[in-house]
Amino acid sequence: MTDLPLHADVVIVGAGPAGLAAATELRARGIASVVVLDREPQAGGIPRHCNHFPYGLREFRQLLRGPAYAAHLVETAKAAGVQIHTEVTVTRLLEGPALQLTTPGGIREISARHVLLCTGVRETSRAARLIGGVKPGGVVSTGALQGMVYLDGLRPFRCPVVLGTELVSFSALMTCRHMGIRPVAMIEPAGRTTARWPTGLFPRIQGIPLMLNTELLAIEGRDQVTGIMVRSADGKTRRIETDGVIVSGHFRPEASLLRTSHLRVDQGSGGAEIDQFGRCSDPGYFAAGNLLRPVETAGWSWKEGRAVGRAMARSLAGQLPPPEPAAVVKPSGDALKLIVPQRIVPSDTDPALPRFQLRVNRAVKGRLLVSAKGAVLFSTAINALPERRITLPLTIIPAGASGPIDINVKEDPA
Amino acid sequence: MPPDRINDRTLFDAVIIGGGVIGCAIARRLTLDGWRVILLEKAHDILDGASKGNSAILHTGFDAPPGSLEARCMAAGYAEYLEIHKKLGLPLIRSGALVLAWSDEEEARLPALMDQARENAVDNLSLLSAAETRKLEPGLSTAVRASFRVPGEYLIDPWSAPHAYLLQAIANKAVLLRDCEVTGGHYDNGQWRLDTSQGVIGGKIVINATGLYADIVDDRLLGKHDFTIHPRKGQFIVYDKPAASLASHILLPVPSPTTKGIVVCRTAFGNLLVGPTAEEQDDRQNAALVPETLAALRQRGEEILPGLAHEDVTAIYAGLRPASEFKDYQIHARAGQNYVTVGGIRSTGLSSALGVARHVQALCEGFDQDRQPLADPLWPQVGNLVDDRDDKRPRDWQCPGNDGIICHCELVTRREIEAVLSDPLAPQSLAGLKRRTRVTMGRCQGFYCSSALAKLTKGRLKHPMAEGDSEDKAGVDRVGND
Ligand SMILES: Cc1cc2nc3c(=O)[nH]c(=O)nc-3n(C[C@H](O)[C@H](O)[C@H](O)COP(=O)(O)OP(=O)(O)OC[C@H]3O[C@@H](n4cnc5c(N)ncnc54)[C@H](O)[C@@H]3O)c2cc1C
Ligand SMILES: Cc1cc2nc3c(=O)[nH]c(=O)nc-3n(C[C@H](O)[C@H](O)[C@H](O)COP(=O)(O)OP(=O)(O)OC[C@H]3O[C@@H](n4cnc5c(N)ncnc54)[C@H](O)[C@@H]3O)c2cc1C
């Protein structure tokens, strides 16, 4: 890593779609030194190991598989003069801003005028879901499975169970099919698939039983999984013979760096707390991509990265409004999971995030109320499912508002 | 002697059965005292039984029954750990402990517990009011009534300690055989001939340190047992590293007669753990995690440290204590048969192991006197897995030439993994590799590194992480190297 500079105008952590899009944009806006750091041996982020369509329509007007899309992003950034350094792990965020790094050559620091965090999302582990039983081999996330299959041609099991029915759970099925792995069941604790119809048909088409209202109680096995115990809606428990469990979805931002830093973390999203420019609580830091919220597509993250890159270029030119005062938006009640951005500063400058993004914790039907000091500022009907995209214009907050803004749902009686 | 040169005429001075922390410490002690030692472990790797999962506290023994064998072994084990840990490269986190009272009844018991501690020669105790307690630990719930502080309770690495003991034994010519289960044997004419899954092993003295199987192995070798193992499960929740800032001391409850109760403490690796439960079971092998119990542990943790409500869970695990019907350790020498049973080391074995080893060595001297302690033994250092050590020893990721990070959450380097995979204790299972290096033990639990690790360990583990018969299936459109 001898050519890694000690200082750059902008340092970006994470060479996924968001980080690479922002870097390319910053160069296009005339920022001289833009450095992207990634801890993996290859740049490109999650799409590197999603060997399926559809990627790249929004960005390149081409239908690509993940790896080709990742390669395209990397080439585009390099052609724009972005410096990409892989096998560099950022270990700490410092005021300044500056970053502590570790590389195969040891530790060092890099400082910057601005830092952009784009560390993406990961799936929630079996442990964090408190799934019972013992701990044999063959319990993996979709991300790990994709890495084994698509990067290394390895197969961790032959007939696993897929836990979850999010989009990524169906990616897991495709990954299995690619490798000749035959899942024996797809199980989902809720009464419907999380991903949108008609994907619910997909496992049936493949001949894989979809078991709704089914809870995974315990994993059995020693060296390798030998079976699982599940409980179905009628309260009956039964055993399913299987040699693996794909614990899919339940995304959460990879916010480890944030959580040990001086930056504010948003409890709801689990990611960085930002304003409409993607600016963090320390205005030297910005954040974009799936680190902001679980979870969006690559295309969305790319677009967001590009927009935050543009805002950073403005900030470097002294053209962003001061971060204070701000209206601080916070969900209350248990229906809403998150809202991004969390802070709106009064400004005429184009925002990087033109709309609020919301998510619900469960199926929710009723009215969404935005209020300040007890007075309702805005209200609209809401009928939403978990893990689905919900957006609202930033203008639901009156221009010039500051202080706390409450957002909640008044649910229709069941 | 390399294991493949052992045959049924080889006669060891001592055969130790069981590679738990106790067997490892005994192997070290006897080797340093000049014996030719072999240690037999039935699993792919050592530390596969009770020593797999514990709270990792180096206990002073303040609450042990005064005068018991357990109290004596703990005092000796504790003292020796403090003496040797630097030479073996082992960590020591001088956290101290607070014994917390949450009710009037518990508060009333504190003075008696402090007296018991002093009887066990554990001093420098201080009784603290609720306000003083919360001044030391501002994250504690306001419900705390009072506490007393035991400054000598420390945190250690539950795995690197036994690994270091056995590595030192092996460096000084002890032999380790894994995948070697002792199934029977007989004593004849001053010699033991043990039947194992790897053939007959001969020795002058046999030490049964099989933890959860100690009574079964006594049956197999002596045809009888003096105690029965009643496994007692303990489940734990480990929180992500940011949670470690919520408590600096080990937070202990007022103990009950059967358990030390639910502890909250940091770990040597910078996490925070809550546990263990105490649940009797018959199964000696499987320590099953139970979601409802884990949820209750979470809740208890939040009652003690309300800030935990916002922290992420990194890991869950369970261990089995090799408890017996007796409260004290069951260490019995059978003079006529040159045999020692070392059993019932239920909930303090990590702390007492070096002391137990000295006690066993003294018993063995009764069988056979002419030993010359090694004049100049080797002291190999184990790798360092602990950040921010008081001795400032760096982690490998902080050093040049580490070949890059494999496990991002725990910052485990390729060089560290390669070093471990090629040393005399090279793990043969993923579980063993985890205990030696901490790979996949962090917050993502293998999301990021499993594929790199599966590739790196290909052909090197008894049970591979994945099969690799179809390299051509790897993505065709791979991203080029940067
Ligand atoms: C298993 C899985 C499957 C998915 N499948 C799809 C799909 O099929 N289609 C789709 O549109 N979206 C999918 N997604 C969503 C995915 O998050 C987005 O497609 C997109 O990758 C988000 O881009 P990003 O730039 O925010 O983050 P990422 O692509 O996740 O990139 C983050 C980068 O940051 C790096 N990084 C993290 N921490 C550090 C550090 N401390 N130091 C240095 N580098 C660091 C990582 O190595 C990584 O390269 C999937 C996500 C997952 C987890
Ligand atoms: C929940 C929990 C929390 C604890 N917390 C602490 C703590 O904080 N501090 C502390 O000091 N102690 C603690 N302990 C106690 C400590 O972990 C135990 O006392 C210690 O691990 C016992 O070790 P052992 O060597 O006797 O048994 P084991 O670790 O069970 O070792 C026995 C070995 O023998 C092998 N074996 C069995 N049968 C055969 C055979 N026939 N042939 C060959 N090999 C065989 C097994 O595979 C095993 O590896 C805790 C224990 C638990 C369970």
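The values are calculated or read from the model by the stated rules, or taken from the named source; none is laboratory data. Predicted model only: the values in this text are computed from it and were never measured. Heads up, the Cβs are rebuilt from the backbone with ideal geometry, glycines too, and the neighbour counts pull from every protein chain shown. The accessibility values were calculated without ligands, DNA or RNA, using every heavy atom of the protein model including side chains. Shrake-Rupley method; radii C 1.70, N 1.55, O 1.52, S 1.80 Å.
Tabulated data for the structure shown
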{"read-out": "Considering residues of the range B:28-60 that are part of a helix (DSSP H, G or I) and within 11 Å of ligand 2 (Cβ to nearest atom) only, the residue nearest to the other protein chains (Cβ to nearest Cβ)", "value": "B:Lys52"}
{"read-out": "Any chance A:Pro322 is within 14 Å of chain B (Cβ to nearest Cβ) and either within 16 Å of ligand 2 (Cβ to nearest atom) or not in a helix (DSSP H, G or I) (or both)", "value": "no"}
{"read-out": "Test: B:Ala295 is over 22 Å from B:Lys135 (Cα atoms), open to solvent by 20 Å² or more (accessible area, probe 1.4 Å), of a type in the set (A, V, I, L, M, F, W, C) and not in a loop (DSSP other than H, G, I, E, B)", "value": "yes"}
{"read-out": "Residue among A:Pro54, A:Pro47 that is open to solvent by less than 10 Å² (accessible area, probe 1.4 Å), more than 17 Å from A:Ala287 (Cα to Cα) and either within 12 Å of another protein chain (Cβ to nearest Cβ) or not aliphatic (A, V, I, L, M) (or both)", "value": "A:Pro47"}
{"read-out": "Odd one out for A:Pro189, checked against (1) more than 19 Å from A:Leu167 (Cβ to Cβ); (2) within 14 Å of chain B (Cβ to nearest Cβ)", "value": "(1)"}
{"read-out": "Among the candidates B:Ala243, B:Ala288, residue that is over 15 Å from B:Gly53 (Cα atoms) and not basic (Lys, Arg)", "value": "B:Ala243"}
{"read-out": "Residue selected from the range B:58-92 under the condition acidic (Asp, Glu) and under 18 Å from the mean Cα position of the chain (by Cα), by the criterion farthest from B:His359 (Cα to Cα)", "value": "B:Glu80"}
{"read-out": "In the range B:66-91, the residues that are in a loop (DSSP other than H, G, I, E, B), closer than 20 Å to B:Thr267 by Cα and open to solvent by 10 Å² or more (accessible area, probe 1.4 Å)", "value": "B:His85, B:Lys86"}
{"read-out": "Given (1) away from chain B (no Cβ under 13 Å); (2) open to solvent by less than 10 Å² (accessible area, probe 1.4 Å), index of the condition A:His7 fails", "value": "(2)"}
{"read-out": "Residues located in the range B:437-463, provided they are facing another protein chain (nearest Cβ under 9 Å), out of contact with any strand residue (DSSP E or B) (no Cβ under 7 Å at 6 or more places or on another chain) and among the charged types (D, E, K, R)", "value": "B:Lys455, B:Lys458, B:Lys462"}
{"read-out": "Elements of type strands (runs of 3 or more DSSP E) contained in the range A:350-398, each with 3 or more residues being surrounded by fewer than 12 Cβ atoms within 10 Å (Cβ to Cβ)", "value": "A:375-384"}
{"read-out": "Which numbered condition A:Arg310 misses (of (1) in a helix (DSSP H, G or I); (2) free of Cβ contacts under 8 Å to residues at least 60 places away in the same chain)", "value": "(2)"}
{"read-out": "Answer residue from the range B:93-125, given it is over 29 Å from the mean Cα position of the chain (by Cα) and not in a helix (DSSP H, G or I) and is nearest to B:Asp388 (Cα to Cα) among those", "value": "B:Trp102"}
{"read-out": "Scan of the range A:319-334 for residues that are out of contact with any Gly (no Cβ under 8 Å at 6 or more places or on another chain) and open to solvent by less than 50 Å² (accessible area, probe 1.4 Å), ordered by number", "value": "A:Leu320, A:Pro321, A:Pro323, A:Ala326, A:Val329, A:Ser332"}
{"read-out": "Test: residue in the range B:101-124 that is farther than 30 Å from B:Tyr213 by Cβ, open to solvent by 10 Å² or more (accessible area, probe 1.4 Å), within 14 Å of ligand 2 (Cβ to nearest atom) and not acidic (Asp, Glu)", "value": "no"}
{"read-out": "Number of the exception - A:Val74 against (1) within 13 Å of another protein chain (Cβ to nearest Cβ); (2) farther than 27 Å from A:Glu109 by Cβ", "value": "(2)"}
{"read-out": "Members of the range B:285-319 that are charged (D, E, K, R) and more than 12 Å from every other protein chain (Cβ to nearest Cβ)", "value": "B:Arg300, B:Glu302, B:Glu303"}
{"read-out": "Within the range B:398-417, tally of residues that are farther than 18 Å from B:Thr267 by Cβ and surrounded by 14 or more Cβ atoms within 10 Å (Cβ to Cβ)", "value": "13"}
{"read-out": "Test: residue in the range B:4-12 that is open to solvent by less than 20 Å² (accessible area, probe 1.4 Å), more than 16 Å from ligand 1 (Cβ to nearest atom), under 26 Å from A:Lys135 (Cβ atoms) and at pLDDT 95 or above", "value": "no"}
{"read-out": "Failed criterion for B:Asn402 (all others in (1) more than 23 Å from A:Leu101 (Cα to Cα); (2) within 12 Å of chain A (Cβ to nearest Cβ) hold)", "value": "(1)"}
{"read-out": "B:Gly270, sole failed condition from (1) among the small types (Gly, Ala, Ser); (2) closer than 23 Å to B:Arg145 by Cβ; (3) within 14 Å of chain A (Cβ to nearest Cβ)", "value": "(2)"}
{"read-out": "Hey, A:Thr76 closer than 25 Å to B:Leu433 by Cβ, more than 16 Å from ligand 2 (Cβ to nearest atom) and either modelled with pLDDT of 95 or more or under 24 Å from the mean Cα position of the chain (by Cα) (or both) or not", "value": "no"}
{"read-out": "Those residues of the range A:77-104 which are away from ligand 1 (no atom under 13 Å from the Cβ) and within 13 Å of chain B (Cβ to nearest Cβ), in sequence order", "value": "A:Lys78, A:Val82, A:Gln83, A:Pro104"}
{"read-out": "Residue within the range A:62-71 that is open to solvent by less than 20 Å² (accessible area, probe 1.4 Å), within 13 Å of another protein chain (Cβ to nearest Cβ) and over 27 Å from A:Glu304 (Cα atoms) present", "value": "no"}
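Here is a yes/no grid of residues against (1) more than 10 Å from ligand 1 (Cβ to nearest atom); (2) within 18 Å of A:Gly19 (Cα to Cα); (3) within 11 Å of another protein chain (Cβ to nearest Cβ); (4) of a type in the set (Asp, Glu):
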| residue | (1), (2), (3), (4) |
| --- | --- |
| A:Thr226 | yes, no, no, no |
| A:Gly235 | yes, no, no, no |
| A:Thr260 | yes, no, yes, no |
| A:Tyr285 | yes, yes, no, no |
